[in-house]
Number of protein chains: 2
Amino acid sequence: MSGALDAVRALPSWTDGATRDAIIDFVASVTEGPGAVPVEERVAVFDNDGTLWTEKPMPTQLHYIVGQWKVQAEADPSLAEKQPYKAAVTGDYGWLGAAIDKHYQGDDSDLQILIGALVGITAGMSVEDYAASVGEFYESAKHLALGRPYAEAIYAPMVELMRYLEAHGFTVYIVSGGERDFMRPMTQQYYGIPPEHVVGSALGLAWDADSGEVRYTAGLDFFDDGPEKPVRIWSRIGRRPLIAGGNSNGDLPMLEFARKGGGLALLVHHDDDSGRGDTPYDRGAEQALAAASDRGITVVSVARDWSRIFPDPVA
Amino acid sequence: MSGALDAVRALPSWTDGATRDAIIDFVASVTEGPGAVPVEERVAVFDNDGTLWTEKPMPTQLHYIVGQWKVQAEADPSLAEKQPYKAAVTGDYGWLGAAIDKHYQGDDSDLQILIGALVGITAGMSVEDYAASVGEFYESAKHLALGRPYAEAIYAPMVELMRYLEAHGFTVYIVSGGERDFMRPMTQQYYGIPPEHVVGSALGLAWDADSGEVRYTAGLDFFDDGPEKPVRIWSRIGRRPLIAGGNSNGDLPMLEFARKGGGLALLVHHDDDSGRGDTPYDRGAEQALAAASDRGITVVSVARDWSRIFPDPVA
């Protein structure tokens, strides 16, 4: 029983209940006794946006992108007349939110425009210069609804869960639809996850022999969502995950990859009312929630299972 | 000086000389004192074929492939009339060796035929079934010139070097032109490198929701050689390597990626006469050797710098 008590102490932001018990029981089942899974095979994967930090009212990466577009439009005023630069300049982000919503409804037309303009920010830039630019953003930006740094817009219970899993021999990876190199500059500080454990969507890259730099091309390599997530997990890790956590339809294949190998699948359900502005949060998670009730996917209710959502602000 | 003595003891298959000194001095310079590189940034990358194990007279993966083609040709005799199945059935591997030689001379036409037939072996197969098939090969196959298991056709000095680097806080990755999932089933046992630290050429993958498996498509995703190596290093690791080691022209960009960041670049030069059958070994390394003398690339002479090449056979 001391193991269970230790687990409760390691997960102080989780409420006493079936969800926390399911996690603790599963971890015990794969880490204790003669049938324990070898340490090297204990892999856990988590989506980022909406799973490890809030993605409402606007995904963090869009916030960064908007700032870059504004700078571009100031340098070239003709850009300010067309989307998405117009949104960036006017501060009327409705078009952007609608583009994301359309994506979740299966229409990627505006998302493609977004991606095209995103690619225009980085084309020709070295990976190290981009990391520096993104790092500056994280230093100064504030979450649009919470008014606090993004470092304090992360989900404290999920950070506790990652530490708890590591304490039981797991290696934790982030597997996100978000762009990989936008996450890497913050994951160690925010989540304790190093850049080499960050899997995400990828901009095209090319080796520039003259400068000895790897630089972004003007293309997207792949969008790491839906059926691409298990593919990228295998490519990067070479193992089927034992635990997978997500919050939306795009996470379902990854959850199934874990579940069908006998693993634990967690679906964070945003049934609370914090940190999202006025945007409904279940949109884009309908299929995942429906699947959860049909299959053995463990739903994490934010309202019921978490006693604290965000970390306490640093004074 | 005790650090240097420890290093000598950790590298017993390396001879006393400038190359070993260069390695020991570089490792000391980046791991000791107030200017030491943080542990998490100590990344070393090594090519596999020709760098960590012998690739002559035939790359190990070709040996596996030939066996698979033979099985396919026995099931479908019409295949036996055409290459590369004919080579597999007759045991006349001249065509295969010539295809590889042509690749190193810049002509990939026969290599594409090889890849097409390779893809035919795995198309539709799950990644886990392929890993099992490859694992069986490693259990039984013998190196064609040495007549010993492939586990004993690896370069003992390089394994010592990887352990030495790990003892100094480095994380070691394999970055090979060879196919990633063909290496993964052996790298832990042979080299002490886990599958998540294996970077290589990639077959196409797709998620099969019905079975919950990741399966190979009939295509090649990318060939991890030449300028693709720094790109894949960044994609997988998100850091510029501090040490890079290779043995052929295709490793030059990766060596330059390390060197231009102030790192150590090692080029294994096969100037010995062991373990390669009758195939000259410098072919395919001409540019790299020429570049080494122009730039600060440290050449590792097999004849001069290694006192032992292969591990002692297990009795």
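The values are calculated or read from the model by the stated rules, or taken from the named source; none is laboratory data. This one's a predicted model, so the numbers in the text were calculated from it and none came from an experiment. No Cβ is skipped: glycine too gets one built from the backbone with ideal geometry, and neighbour counts run over all protein chains shown.
Numbers below:
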| quantity | calculated |
| --- | --- |
| Qualifying residue in the range B:213-233 (condition: aromatic (Phe, Trp, Tyr), surrounded by fewer than 21 Cβ atoms within 10 Å (Cβ to Cβ) and under 30 Å from A:Tyr130 (Cβ atoms)) | yes |
| Any hit, the range B:271-284, residues being within 19 Å of B:Val175 (Cα to Cα) and modelled with pLDDT under 95 | yes |
| Filtered residue count, the range B:84-135, keeping only those that are among the aromatic types (Phe, Trp, Tyr) and free of Cβ contacts under 8 Å to residues at least 40 places away in the same chain | 3 |
| First in the range B:1-24 and in contact (Cβ under 8 Å) with a residue 60 or more places away in the chain, second anywhere and outside any helix (DSSP H, G or I), Cβ under 6 Å, 6 or more apart | B:Ser13/B:Trp306; B:Ser13/B:Ser307; B:Ser13/B:Arg308; B:Thr15/B:Ser307; B:Thr19/B:Val300; B:Arg20/B:Trp14; B:Ala22/B:Thr298 |
| Filter result for the condition that a residue is among the basic types (Lys, Arg) and in contact with a helix residue (DSSP H, G or I) (Cβ under 8 Å, 6 or more places away or on another chain), over A:Lys70, A:Lys82, A:Lys56 | A:Lys70 |
| Filter pass, B:Ser29 being of a type in the set (Ser, Thr, Tyr) and free of Cβ contacts under 8 Å to residues at least 24 places away in the same chain | yes |
| Considering residues of the range A:235-251 that are outside any loop (DSSP other than H, G, I, E, B) and aliphatic (A, V, I, L, M) only, the residue farthest from the other protein chains (Cβ to nearest Cβ) | A:Ile243 |
| Filter pass, A:Arg232 being within 12 Å of chain B (Cβ to nearest Cβ), within 16 Å of the chain's Cα centre (by Cα), closer than 26 Å to B:Val175 by Cβ and not in a strand (DSSP E or B) | yes |
| Qualifying position, being surrounded by 15 or more Cβ atoms within 10 Å (Cβ to Cβ), not aliphatic (A, V, I, L, M) and not assigned by TED's automatic domain parsing to the domain that holds B:Ala88, among B:Tyr164, B:Tyr104 | B:Tyr164 |
| Test: residue in the range B:67-77 that is touching a Ser or Thr at 6+ places or on another chain (Cβ under 6 Å) and surrounded by fewer than 21 Cβ atoms within 10 Å (Cβ to Cβ) | no |
| Unmet criterion (only one of (1) over 30 Å from A:Glu196 (Cβ atoms); (2) in the same structural domain as A:Glu160 (by TED's automatic domain parsing)) for A:Val45 | (1) |
| Any hit, the range B:212-223, residues being in contact with a Pro (Cβ under 9 Å, 6 or more places away or on another chain) and in contact (Cβ under 8 Å) with a residue 40 or more places away in the chain | yes |
| Residues located in the range A:237-251, provided they are under 14 Å from the mean Cα position of the chain (by Cα) and buried (at least 22 other Cβ atoms within 10 Å of the Cβ) | A:Ala244, A:Gly245, A:Gly246, A:Asn247, A:Ser248, A:Gly250, A:Asp251 |
| Count - residues of the range B:286-314 that are over 17 Å from B:Ala18 (Cα atoms), free of Cβ contacts under 8 Å to residues at least 60 places away in the same chain and either touching a strand residue (DSSP E or B) at 6+ places or on another chain (Cβ under 8 Å) or of a type in the set (Phe, Trp, Tyr) (or both) | 3 |
| Residue list for the range A:252-272, restricted to those being touching a residue at least 60 places away in the same chain (Cβ under 8 Å), away from chain B (no Cβ under 11 Å) and either part of a loop (DSSP other than H, G, I, E, B) or more than 15 Å from the chain's Cα centre (by Cα) (or both) | A:Leu264, A:His270 |
| Helices (runs of 4 or more DSSP H) (entirely within the range A:116-228) containing at least 3 residues that are within 12 Å of chain B (Cβ to nearest Cβ) | A:127-140, A:180-191 |
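To keep it simple, each residue is scored yes or no on (1) within 28 Å of B:Val71 (Cα to Cα); (2) touching a Pro at 6+ places or on another chain (Cβ under 9 Å).
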site	(1), (2)
B:Ala117	yes, yes
B:Ala151	yes, yes
B:His168	no, no
B:Val175	no, yes
B:Met186	yes, no
B:Gly192	no, no
B:Glu196	no, no
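Yes/no matrix, rows are residues, columns are (1) among the aromatic types (Phe, Trp, Tyr); (2) under 25 Å from the mean Cα position of the chain (by Cα); (3) assigned to a helix (DSSP H, G or I):
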{"site": "B:Ala7", "(1), (2), (3)": "no, yes, yes"}
{"site": "B:Ile23", "(1), (2), (3)": "no, yes, yes"}
{"site": "B:Ser29", "(1), (2), (3)": "no, no, yes"}
{"site": "B:Gly33", "(1), (2), (3)": "no, no, no"}
{"site": "B:Met58", "(1), (2), (3)": "no, yes, no"}
{"site": "B:His63", "(1), (2), (3)": "no, yes, yes"}
{"site": "B:Gln68", "(1), (2), (3)": "no, yes, yes"}
